[in-house]
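Student: The structure that follows is given in the form of structure tokens.
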Amino acid sequence: MKKIAVLSGKGGAGKTYVAVNLAAVAGKCTYIDCDVEEPNGRLFWKPEDVQCTTVGTLLPVFDAAKCTGCRECVSACRFHALMYVKEKPMVFSEVCHSCGLCQMVCPEHAITESVKPIGILEMGHHEAVTVVTGILNPGEASGIPVIRQVLKHAGDVTVLDCPPGSACSVMESIMDADYCVLVAEPTAFGFHNFRMVYELASLLKKKCGVVVNKQTEGYAPLEQFCSENRLPVLARIPYDPMLAERLAGNEITAECIPEQRRIFSDILEQIGGAL
Ligand code: SF4
Ligand code: SF4
């Protein structure tokens, strides 16, 4: 099983464009959108036969008739998700990690668990590609449970469209990845964010390669950084207003522009060689 994660230090660098097109040239594969706060890969895929399932997290529920007010549960919760107010324990669902420890330590067996829906998992198909999308409900604090759920659907070859940036949700998405494709814009701002995401991937000892997107002219600090860190530049994709227009129309460019197909097939071949 091979998992290729596509990351970028910031939104708008072209991460979804690269992830979708890599999956499009991979033949039979699975595309997983882990960018659960803003999953837009499905706009390109327009998947068919979409099945939806609810994703939930477990929250403790307290039985007032059994609770003696010992507060063992409150002391045990290392996430400070419990408080004892008005003679009863109360949970702050936003910070509860569903670890189940409070239930284990309650001497009165006064705690059970209930499922709180926090998002949706969509699964459909676009030709040979299985398209899996995680969607976090608005207002939810953490998308990690949704990411964990969508990652369970990885196939033999999987392309992961990760959240932008370098936060916990990105770490969760790339934990089992075999290769990280770092999409960078050749600008000072793009380079700054690229370095942050590279540090995360390096910390997790991931094999990495770089796709420089929207290149007008070379950005020397980025090229120098890649050379000093022996980071292969898999492709330098020139800025092209015609391409931008087609992407705005949600076209999978590798399916309709031969040169785009060549670029992404070449990237995939290089990744295959590195693995
Ligand atoms: S540990 Fe059990 S009995 Fe003690 S306060 Fe919590 S719910 Fe009540
Ligand atoms: S399930 Fe874990 S995180 Fe949530 S309230 Fe209980 S101990 Fe705290």
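Rule-based calculations on the coordinates, nothing more; no lab input. Keep in mind that this is a model prediction, so the values were computed, not measured. FYI the Cβ positions are ideal-geometry reconstructions off the backbone, even for glycines, and counts take in every protein chain you see.
Student: Which GluC sites (Glu not before Pro) in the range 190-257 sit in a loop by DSSP (not H, G, I, E or B) and have at most 12 other Cβ atoms within 10 Å of their own Cβ?
Tutor: Hits after loop and neighbour filter: Glu217.
Student: Which shape class, rounded, prolate or oblate, goes with the range 1-150 when its Cα gyration tensor gives a ≥ b ≥ c as root eigenvalues, a/c under 1.5 marks rounded, and past that a/b bigger than b/c marks prolate?
Tutor: Taking the square roots of the gyration eigenvalues as a ≥ b ≥ c, the range 1-150 is prolate.
Student: Estimate the FRET efficiency between His125 and Ser265 by the formula 1/(1 + (r/R0)^6), using the beta-carbon distance for r and 30 Å for R0, to the nearest 0.05.
Tutor: Efficiency computed from Cβ-Cβ geometry: 0.90.
Student: Then there is this: Could you compute the FRET efficiency for Arg236 and Gln51, with r as their C-beta to C-beta distance and R0 at 30 Å, rounded to 0.05?
Tutor: Efficiency at R0 = 30 Å is approximately 0.15.
Student: Measuring from a point 7 Å past the Cα of Asp63 along Cα-to-C-beta, which residues in the range 100-130 have an amide N at less than 20 Å?
Tutor: Label zone hits: 100-116.
Student: How far apart, in nanometres, would the label points at Val95 and Ala167 be if each is projected 7 angstrom from Cα along the Cα-to-Cβ direction?
Tutor: A separation of 1.7 nm, rounded to one decimal place.
Student: May I pose another question? Can you run phi through the Karplus equation (6.51, -1.76, 1.60; θ = phi - 60°) for the range 52-61 and list ³J(HN,Hα) in whole Hz, with x for Gly and Pro?
Tutor: Karplus-based 3J(HN,Hα) across the range 52-61 equals 10, 10, 7, 10, x, 10, 8, 10, x, 10 Hz.
Student: Here's another thing I want to ask about it. Given axes a ≥ b ≥ c from the Cα gyration tensor, I'd like to know whether the range 64-109 is rounded (a/c under 1.5), prolate (a/b larger than b/c) or oblate.
Tutor: oblate
Student: Strictly over 32 Å apart at the Cα level, which of Lys88/Lys152; Lys116/Lys214; Lys10/Lys116; Lys3/Lys46; Lys15/Lys205; Lys152/Lys207 would you flag in this model?
Tutor: Lys88/Lys152; Lys116/Lys214
Student: Reachable lysines from Lys86, Cα under 19 Å, same-chain residues fewer than 8 places away excluded?
Tutor: Excluding near neighbours in sequence, the set is Lys66.
Student: Here is a follow-up. Can you compute the helix-only [θ] at 222 nm over the chain? Use -39500 (n - 2.57) per DSSP H run of at least 4 residues, normalise by all residues, nearest 500 deg cm²/dmol.
Tutor: -9500 deg cm²/dmol
Student: With charges set only on the Cβ (+1 for Lys and Arg, -1 for Asp and Glu), what does the dipole of the range 64-109 come to about its Cα centre, in debye to the nearest 20? If you can, show how the numbers build up before the last one.
Tutor: On the way: 5 positive and 4 negative charges, 11 e Å.
Computed charge dipole of the range 64-109: roughly 60 debye.
Student: Report the label-to-label distance for Arg78 and Ser202 in nanometres (one decimal), using points 7 Å from each Cα along the Cα→Cβ vector.
Tutor: 2.9
Student: What is the mean projected area of the alpha carbon convex hull for the chain, to one decimal in square nanometres?
Tutor: Taking a quarter of the hull surface, the average projection is 16.4 nm².
Student: List the longest stretch of the chain that has no exposed loop site; here a site is one of the trypsin sites (Lys or Arg not before Pro) assigned by DSSP to anything other than H, G, I, E or B, with at most 10 other Cβ within 10 Å.
Tutor: In the chain, the maximal stretch lacking such sites is 1-77.
Student: Now, a different point. Given a Förster distance of 25 Å, report the FRET efficiency between Lys152 and Ala274 from their Cβ-Cβ distance, rounded to the nearest 0.05.
Tutor: E between Lys152 and Ala274, to the nearest 0.05, is 0.45.
Student: What are the ³J(HN,Hα) values, in whole Hz, obtained from phi via the Karplus relation 6.51 cos²θ - 1.76 cosθ + 1.60 with θ = phi - 60°, for each residue of the range 259-275 in sequence order, with x given for Gly and Pro?
Tutor: Along the range 259-275, the couplings run 5, 5, 4, 5, 4, 6, 5, 5, 4, 4, 5, 5, 5, x, x, 6, 8 Hz.
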